[in-house]
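Only one structure is covered here, and it is reproduced in the block below.
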Amino acid sequence: MTRLIIDTDPGIDDAIALFAALASPEFDVTGLTTVFGNVTVETATRNALALLDIAGRGDIPVARGAAAPLAMDYLGAIPHIHGEDGLGDGGEPATPSRSALDVSAAEFLCRAAPGATILAIGPLTNLALALRLRPDLDTEVEHVVVMGGNALGPGNATPAAEANMMNDPEAADVVFGARWPVTMVGLDVTHQVVLPGAGIDAVTAADTPTARLLGRAIPLYRAFLEKVSGLAGIYLHDPSAVAYLLDPSLFRTERWPVRVETQGISRGKTWPSIGGTDDAAPAAWQGRPSVNVCVGVDAPGVLDLLTARL
Ligand code: BDR
Ligand code: CA
């Protein structure tokens, strides 16, 4: 069984990912850490606590994390995609039954992440802060699976950058350059994992608290994607990272060192050195560890897996 800590900014697809992970016996979810991103860290923390209540997992601790990126101001919430409440504005925001821990997310990661896998589905600020507190943490964590980035194709926050990278490029560059094994589940694959209307109906039909929450949360996200890109369904960005952990054989990967652009109009763009590693790589990539970058996906397989769990 994989001991899992989920670093998250809920967020509608974060909620789907969380419920899929909690429904998977392969995981022992031992903590959630929250971060600004889709919403402020205050809202992300409230949502993380409320989602755990809804899933009947009020036993899982939540540590509140960073309110802003390492080197810039927070770019702000995206209520047109995730709602003012971060969960699709489908009803009263749930009131959590308890509070977050009185340690920060970075402190919690330092204490709890050795021996565990971190599923990072928001901006990577908490992970970078944890490394500052405990520089050897990257030799102690089992695996870091990141939803974020775009190795080969365009971004979604800007033409260059994916949203989680754009929200803290400096932190992302630290995380991809650290010694822990990192898998990047980016837009190269998640833009292929589209849950169609019938699939949405299937995961929201059950008379359970989690299905009812998803039934209230998904319509706003679905309407946004239909309006801006004519998509018939919703991207399962964060849930695809859960699927990677459940069944990596559904993904095709390449091992490349990855840098994250921190300057100019391409800020937040993830650049793999596809020409080679170490001595064969350009100087800015030399000495960087190889990241396991997802470049292909069996999308129907991922949809079947996630739908079954949900
Ligand atoms: C990522 O950005 C957020 O808006 C989503 O929750 C996901 O983590 C997709 O680019
Ligand atoms: Ca997210």
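Each reported figure results from applying straightforward, stated rules to the coordinates on display, with no laboratory input. Just so you know, these numbers come straight off a predicted model, no measurement behind them. Cβ atoms come from the backbone with ideal geometry, glycine included; neighbour counts cover every protein chain shown.
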- Provide ASP138, ASP238, ASP59 in ascending order of the number of other Cβ atoms located within 10 Å of each residue's Cβ, fewest first. ASP59, ASP138, ASP238
- Rg [Å, one decimal], Dmax [Å, integer] - segment 33-191, C-alpha atoms: 15.4, 44
- Summed side-chain charge close to THR40 - residues other than THR40 whose Cβ falls under 12 Å, Lys, Arg +1, Asp, Glu -1: -2
- Task: Please identify every one of the trypsin sites (Lys or Arg not before Pro) in segment 68-134 that sits in a loop by DSSP and has no more than 12 other beta carbons within 10 Å of its own beta carbon.
- Result: ARG98
- Hey, what angle do you get for helix 299-309 against the long axis of the chain, alpha-carbon based, 0 to 90 degrees rounded to 10? 50
- If you place +1 on the Cβ of every Lys and Arg and -1 on the Cβ of every Asp and Glu, how big does the dipole about the Cα centre of the chain come out, in debye to the nearest 20? 120
- Query: What is the magnitude of the charge dipole of segment 1-106 about its Cα centre, with +1 placed on the Cβ of each Lys and Arg, -1 on the Cβ of each Asp and Glu, and no other charges, expressed in debye to the nearest 20?
  - Reply: 260
- Cα centroid of segment 167-188 to Cα centroid of segment 93-157, whole Å: 11
- Candidates THR262, THR34, THR270: whichever shows maximal mean-square fluctuation once the chain is modelled as a Gaussian network with Cα springs under 10 Å: THR262
- Message: For segment 1-59, place one equal point scatterer on every Cα, skip the solvent, and apply the Debye formula. What is log10 of I(q)/I(0) at q = 0.17, 0.24 Å⁻¹?
- Response: -0.49, -0.95
- Task: With an 8 Å cut-off on Cα pairs and a minimum separation of 6 or more residues, tell me the relative contact order of the chain in percent.
- Result: 20
- Message: Residues of segment 276-310 with backbone nitrogen within less than 17 Å of a virtual label 7 Å along the Cα-to-Cβ line of ALA198, please, listed as ranges.
- Response: 299-308
- Residue order, fewest to most surrounding Cβ atoms within 10 angstrom, among SER229, SER104, SER266: SER229, SER266, SER104
- Acute angle (nearest 10 degrees) that the helix 209-229 long axis makes with the longest principal axis of the chain, alpha-carbon atoms: 60
- Message: Let's see if you can work this out: charge +1 on each Lys and Arg Cβ, -1 on each Asp and Glu Cβ, no other charges. What is the dipole magnitude of segment 106-220 about its Cα centre, in debye to the nearest 20?
- Response: 220
- Query: Which listed residue (ALA151, VAL185, PHE224) has the Cα farthest towards the positive end of the charge dipole for the chain, taking +1 on Lys and Arg C-beta and -1 on Asp and Glu C-beta about the Cα centre?
  - Reply: ALA151
- Task: Let me have the 222 nm mean residue ellipticity of the chain computed from DSSP H runs of 4+ only, each contributing -39500 (n - 2.57), with the sum over all residues rounded to the nearest 500.
- Result: -10500 deg cm²/dmol
- Task: Could you work out which residue, out of ALA280, ALA55, ALA20, moves most in a Gaussian network model of the chain, that is, has the largest mean-square fluctuation with Cα springs under 10 Å?
- Result: ALA280
- Expressed in Å to one decimal, the Kirkwood Rh of segment 190-243 from all distinct alpha-carbon pairs is 11.5
- Semi-axis lengths (Å, descending) of the ellipsoid that matches the C-alpha gyration tensor of the chain: 27, 22, 19
- Taking N as the number of residues in segment 45-85, what value does Rg over Cα atoms divided by 2.2 N^0.38 Å take? 1.46
- Message: Compute the helix-to-body angle for 12-22: its Cα long axis versus the longest principal axis of the chain, expressed 0 to 90° and rounded to tens.
- Response: 90
- Please state the relative contact order of segment 29-96 as a whole percent: Cα pairs under 8 Å, 6+ residues apart? 41
- Calculated on alpha-carbon atoms, Rg and Dmax of segment 208-310 in Å: 18.0, 55
- Task: Find the percent of Cα-Cα distances in segment 238-278 that exceed 14 Å, and round it to a whole number.
- Result: 63
- Query: Can you tell me the Rg and the Dmax, both Å, for the Cα atoms in segment 73-150?
  - Reply: 15.5, 44
- Query: Taking the chain as a Gaussian network, where each spring joins two C-alpha atoms under 10 Å apart, which residue of ALA68, ALA202, ALA241 fluctuates the most?
  - Reply: ALA202
- Compute the normalised compactness of segment 154-212: alpha-carbon radius of gyration over 2.2 N^0.38 Å, N being the residue count. 1.59
- Message: If I stretch the segment between GLU142 and ALA280 completely, what's the gain in nm (0.36 nm per residue apart, minus their alpha carbon distance), one decimal?
- Response: 46.9 nm
- Message: What Kirkwood Rh does segment 1-108 have if only Cα atoms enter the pairwise 1/r average? Answer in Å.
- Response: 13.9
- Message: I want to make sure I understand the PRE zone here: with the label point 7 angstrom from the Cα of SER229 toward its beta carbon, which residues in segment 147-185 have backbone N atoms less than 18 Å away?
- Response: 147-167, 185
